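First comes the structure, then the notes that go with it.
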Amino acid sequence: MLARVQSAAVLGIDAFTVAIEVDNSAGGMNKITMVGLPDAAVKESEDRVRSALRNSGFRYPRGYNVINLAPADIRKEGSALDLPIALGLLAATAQLEGAAFNNYAFVGELALDGSLRPVAGALAMAINARNQGLQGIVLPAMNADEAGVVQGCDVIPVQSLEQAAAFVAGDEVIPPHRTEVDELFQTAHLRVPDFDEVKGQGHVKRALMVAAAGAHNILMVGPPGTGKTMLASRLPGILPPMSFDESLETTRIFSVCPVEQRKDSLIVTRPFRSPHHTSTTVSIAGGGQQAHPGEVSLAHNGILFLDELPEFNRAALEVLRQPLEDGQVHIRRANYSVTYPSRFMLVVAMNPCPCGCRTDPRRDCRCSYGDVQRYMGRLSGPLLDRIDIHVDVPALSFDELTDTRSSGPSTQEVRDQVLAARERQHARANGSGARYNAHLDTKTLRRYCVLNDASKSLLETALNTLGLSARAYDKILRIARTLADLEGLEDITEMHVAEAVQYRSLDKTVM
Ligand SMILES: Nc1ncnc2c1ncn2[C@@H]1O[C@H](COP(=O)(O)OP(=O)(O)O)[C@@H](O)[C@H]1O
Ligand SMILES: [Mg+2]
C-alpha cells in the first residue's frame, strides 16, 4: 500500500516542502530502502523509527518498504523527518488513517521510546506550511512557542509518536498553540547592565550614543582595563527595542541553529555577539558540513563585537566584508548554497599597541614605531573603511575611578535620545532607501547633508591640516548628519562638523 505524508526540511533560513512516500509490499525479506538524497542523520532515522514504533505499541512493518523523499534532488538534513517517516510506515501498513494527512505537515525527531525531541527550523517550517495552503503543522511540543507566532497556521504540539497518531486518527483533539507575543515583548526587560556604572569616559559614551543613533560602526582604541569591553556590552541597552518583524527575522536565524545552542523560542532583545578571537572563519561567516549561520548572522539586527581585534586571524576578518556591505552573507559549498541575513552594528575594541600602554601616560611603552605600525596595520583597509567612528579610550585617573557619584547619563536617558534621532532619520527616508545615516549612499548623502559655507570651510581646513583622505569626507558628512539629528536640527552646523572630524582620528595614523 502506498502512503504519503507531508513534511518540511530547512535550506538556509527557509523551509521547503518534503513529501514522504512510503510503499509497503508484502513478502520477501523485511527491508527498508530510503531514496531521495537523505543525509546521514536521515538514514539513521530508520533505526530510531523502528524502536519508536515498537515502543509505542505499533507493529513494525513487514515486507519490503521503499521510502522516497521528494523532491529527490535536494539534500535533506537532520532528524526532523523521523515523525513523518514513522507515520508514513503506519499508514502504508494500514495501521493508521486520517484526513490530517492531507491538511497538516509533520516534523519531529523521535527518541527510541517514541517521545519527540525538538527540531531546528520550526519557525520557517510553520511559515512554509502556511504558504503551502496547509491548515497547520504537527510538531514537537518544545517547538510550539517558536512556531506559534505564525499567523494563519495551526500549530499542533505533540509529545510523542503515539499522540501524533492519535491526533491523525481523530482520537485526540489538540487545540492549536498560540504564542503570547505581546506578553513576551513586555517581559523582555533588558538583561543589559546600565551605562552609568561605567566611570568617566564621557566622550566615549557620547561616541557610542552617536554610533547607536545613526547605526554607525565604531572602533574603540585604548589601554587594557579602561572599560572598552564594559562599554560595548552596555550598547544593546541604548538601541531601540526590537520590532516584531525584526524579532521574527532574527528568530528565524537562531531557529535553524542546532537545537542545543538555543535558549529562547522567540528572540525579543537585540543580540549581542562577541566571538572569541580564536574563532574560525566558518564560525564567524557560517557554513560548515551542514549549513549553519555564523556569528555575523546571529548578530542580525543587533551587535557584533570584536574584542581585541588584532588578535583575530586575517581570514576571519576578511569574511566580514560582504555582510558589512550587503547586509547578508552567501555561502557556497560543494553540496549546498545558502544566503543568511546579517545586518549588524559592528563594534570593535583594541589596544593602541602590542603592549597596550602607548596612550597611557602613567606607563612606559616599549613598542617601537614599527611594532605599532604593524599592530595597527592588522586592521585591514576594507574593514577600517566600514567603520565611521574611531574613539580613544584613555586610562582613568585615580579620582575618576574612585568617584562614587553616579557617572553620566543612564541607559534609559541615552536610549530616549537615540530613539528620537532614529525616528527623525526614519521620517526623512520616508519609506524609501536607507533608513539610517550609516547606510546612506553617496547620492542621498549629498542631498541630506548640505553644508553651509562656514561648515564647508571648516571641513576643508580639517581635511587639509589633518591630512584626512577623501574617503573620510563622506563619513564625516554621515556622522555630522547624525549629530544634527540627535539635536533635532535639520541643518548641519559647524559644531557638528567639528565633532565629526574628531571621530576620524585613525585616518591620520593608519592610512
Ligand atoms: N570606566 C570604568 N568604570 C568602572 N570600572 C571600570 C572602568 N574601566 C575599567 N573598569 C574595571 O576594570 C574591569 C576591566 O574593564 P574592561 O571593560 O574589561 O576593560 P578593557 O576592555 O578596556 O580592557 C572592569 O570589569 C571594571 O571592573
Ligand atoms: Mg577588554
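The values are calculated or read from the model by the stated rules, or taken from the named source; none is laboratory data. Everything numeric in this text was worked out from a predicted model, so none of it was measured. Backbone-built Cβ (ideal geometry, glycine too); neighbour counts: all protein chains shown. The protein model used for the area step is the full one, side chains on, heavy atoms only, and it has no ligands, DNA or RNA in it. Shrake-Rupley method; radii C 1.70, N 1.55, O 1.52, S 1.80 Å.
Numbers below:
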{"read-out": "First in the range 19-39 and farther than 13 Å from Ile85 by Cα, second anywhere and outside any strand (DSSP E or B) and hydroxyl-bearing (Ser, Thr, Tyr), Cβ under 9 Å, 6 or more apart", "value": "Asn30/Tyr60"}
{"read-out": "Number of the condition not met by Glu44 [criteria: (1) over 21 Å from Val259 (Cα atoms); (2) open to solvent by 20 Å² or more (accessible area, probe 1.4 Å); (3) not hydrophobic (A, V, I, L, M, F, W, C)]", "value": "(1)"}
{"read-out": "Checklist (1) touching a residue at least 40 places away in the same chain (Cβ under 8 Å); (2) more than 16 Å from ligand 1 (Cβ to nearest atom) applied to Asp364, failing item", "value": "(1)"}
{"read-out": "Of all residues making up the range 47-90, the number that are under 15 Å from Asp23 (Cβ atoms) and open to solvent by 10 Å² or more (accessible area, probe 1.4 Å)", "value": "6"}
{"read-out": "Positions within the range 367-400 being within 16 Å of ligand 2 (Cβ to nearest atom) and either assigned to a loop (DSSP other than H, G, I, E, B) or surrounded by fewer than 15 Cβ atoms within 10 Å (Cβ to Cβ) (or both), in sequence order", "value": "Val393, Pro394, Ala395, Leu396"}
{"read-out": "Output for the range 122-153, where each listed residue is touching a helix residue (DSSP H, G or I) at 6+ places or on another chain (Cβ under 9 Å) and open to solvent by 40 Å² or more (accessible area, probe 1.4 Å)", "value": "Gln135, Met142, Asp145, Gln151, Gly152"}
{"read-out": "Among residues of the range 460-473, those that are open to solvent by 30 Å² or more (accessible area, probe 1.4 Å) and in a helix (DSSP H, G or I), counted", "value": "9"}
{"read-out": "The range 324-337: number of residues that are open to solvent by 30 Å² or more (accessible area, probe 1.4 Å) and at pLDDT below 90", "value": "7"}
{"read-out": "Evaluation of Val119 against (1) buried (at least 24 other Cβ atoms within 10 Å of the Cβ); (2) at pLDDT 95 or above (one fails), failing number", "value": "(2)"}
{"read-out": "Selection status of Arg362, in a loop (DSSP other than H, G, I, E, B), in the same structural domain as Leu306 (by TED's automatic domain parsing) and not aliphatic (A, V, I, L, M)", "value": "yes"}
{"read-out": "Residue within the range 487-506 that is open to solvent by less than 40 Å² (accessible area, probe 1.4 Å), more than 16 Å from ligand 1 (Cβ to nearest atom), touching a Phe, Trp or Tyr at 6+ places or on another chain (Cβ under 7 Å) and at pLDDT below 90 present", "value": "no"}
{"read-out": "Residue match in the range 406-427 (condition: open to solvent by 20 Å² or more (accessible area, probe 1.4 Å), touching a residue at least 24 places away in the same chain (Cβ under 8 Å) and over 22 Å from His203 (Cβ atoms))", "value": "yes"}
{"read-out": "In the range 294-338, the residues that are more than 16 Å from the chain's Cα centre (by Cα), more than 16 Å from ligand 1 (Cβ to nearest atom) and free of Cβ contacts under 8 Å to residues at least 60 places away in the same chain", "value": "Asn313, Ala315, Ala316, Arg332, Arg333, Ala334, Ser337"}
{"read-out": "Listing of helices (runs of 4 or more DSSP H) fully contained in the range 204-323 that carry 3 or more residues being open to solvent by 50 Å² or more (accessible area, probe 1.4 Å), out of contact with any Lys or Arg (no Cβ under 8 Å at 6 or more places or on another chain) and more than 16 Å from ligand 2 (Cβ to nearest atom)", "value": "244-255"}
{"read-out": "Pro354 open to solvent by 50 Å² or more (accessible area, probe 1.4 Å) and touching a Cys at 6+ places or on another chain (Cβ under 8 Å)", "value": "yes"}
{"read-out": "Counted residues, the range 166-203 - those being hydrophobic (A, V, I, L, M, F, W, C), within 16 Å of ligand 1 (Cβ to nearest atom) and part of a helix (DSSP H, G or I)", "value": "1"}
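A quick yes/no check of all residues on (1) small (Gly, Ala, Ser); (2) out of contact with any helix residue (DSSP H, G or I) (no Cβ under 8 Å at 6 or more places or on another chain); (3) closer than 30 Å to Gly214 by Cβ:
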| site | (1), (2), (3) |
| --- | --- |
| Leu317 | no, no, yes |
| Asp326 | no, yes, yes |
| Ile331 | no, no, yes |
| Val338 | no, yes, no |
| Arg343 | no, no, yes |
| Cys357 | no, yes, no |
| Pro361 | no, yes, no |
| Tyr375 | no, no, yes |
